[in-house]
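See structure below.
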Amino acid sequence: MKKAIIIGASTGIGRALANVLLENDYKVAITGIENEILSELTHISNENLNVKYLDCTTHKCSEVINDSIVWLGGLDLLVFSAGIGHLDKNLGFEIENEANKLNVLAFTEIADKSYRYFESKGEGHFVAITSVAGLRGNRMAPAYHAAKSYQISYLQGLRQKLINSNLSITITDIRPGFVDTGLVNKKHFWMASKELAAQQIFNIIKKKKNIGYVTKRWLLIAFLLRLIPSWIYNRI
């Protein structure tokens, strides 16, 4: 039985992915910040599921990960699924920086912790759910787009560190487009259900890909985003 931790799995994609892993014979430890939901999950009769409260912006992520590894009896897969972004042009530094604390600082701590653990073990799989948003900046959410770009670059750096090693470590960058997690009030084009997104993410994990788009059609958008000249993109 494989052992996995999902950071940010009380709702949304993380919760749906936890269900997929449990259905595929994984032992899973999840974290989240929604106390009411976590309390409900705690009472679910499943000996292969462990639930912990974790606010990545105020708590020591490494300590909770260590506790979860002890409960699991090891670790094969760690998924960073936590994230926040504000679609507003004029929120100001204080609000934008709250998102940075999670999307940049907490992400870095967890990515580094995961890499070092798997390095000491000689194998493992770290997965981060970034975003297509990380490919270009955007006026509607400058900090969110910038933070996702940071995550994408950081993951590339970790993969480079592995090139000349004999370690069986995989670093996977999952880049979703629009996913219906309940946080968005209106429907967007190509919006996938969180269940579909989770199944595609699991398929990417099984194949140990470096980069995966969810849904797959967002690879086309990624290609176009790279082609559009800045003088056109800035006017979109």
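Each value in this text was obtained by applying a stated rule to the coordinates, not by laboratory testing. Keep in mind the model is a prediction, meaning the values are calculated, not measured. Cβ sites come from the backbone with ideal geometry, for glycine too, and all protein chains shown count toward neighbours.
Below, the figures for the structure above:
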| item | result |
| --- | --- |
| Rounded if a/c under 1.5, otherwise prolate or oblate - segment 135-233, Cα gyration tensor axes | oblate |
| Entries of LYS60/LYS207; LYS52/LYS121; LYS60/LYS216 with Cα pairs more than 29 Å apart | LYS60/LYS207; LYS60/LYS216 |
| Cβ-based exposure ranking for MET1, MET191, MET140, in which fewest neighbours within 10 Å come first | MET1, MET140, MET191 |
| Computed over the chain: relative contact order in percent, which uses C-alpha pairs under 8 Å that are six or more apart | 19 |
| Long-range HN-HN contacts of ILE6 with modeled amide H, under 5 Å | ALA29, ILE30, THR31, VAL79 |
| 5 angstrom amide H check on ILE211, placed H, neighbours 5+ away | ASP173 |
| Span-rule helices in the chain, defined as complete DSSP H runs reaching 30 Å or more along the axis (Cα) with Kyte mean at least -1.0 | 142-162 |
| Segment 1-115 - percent relative contact order, Cα under 8 Å, separation 6 or more | 30 |
| Residues whose placed amide H lies under 5 Å from that of VAL179, excluding near-sequence neighbours | ALA192 |
| Cα-only Debye scattering, segment 1-155: base-10 log of I(q)/I(0) at q = 0.08, 0.14 Å⁻¹ | -0.23, -0.69 |
| Cα centroid separation - segment 10-83 against segment 124-139, whole Å | 21 |
| Residue with peak Gaussian network fluctuation, the chain [Cα springs, cutoff 10 Å], from GLU63, GLU96, GLU109 | GLU63 |
| Residue (of LEU49, GLY122, ALA82) at the positive-pole extreme of segment 28-137, dipole from beta-carbon charges | GLY122 |
| Pairs of alpha carbons in segment 67-159 whose separation is greater than 22 Å (percent) | 34 |
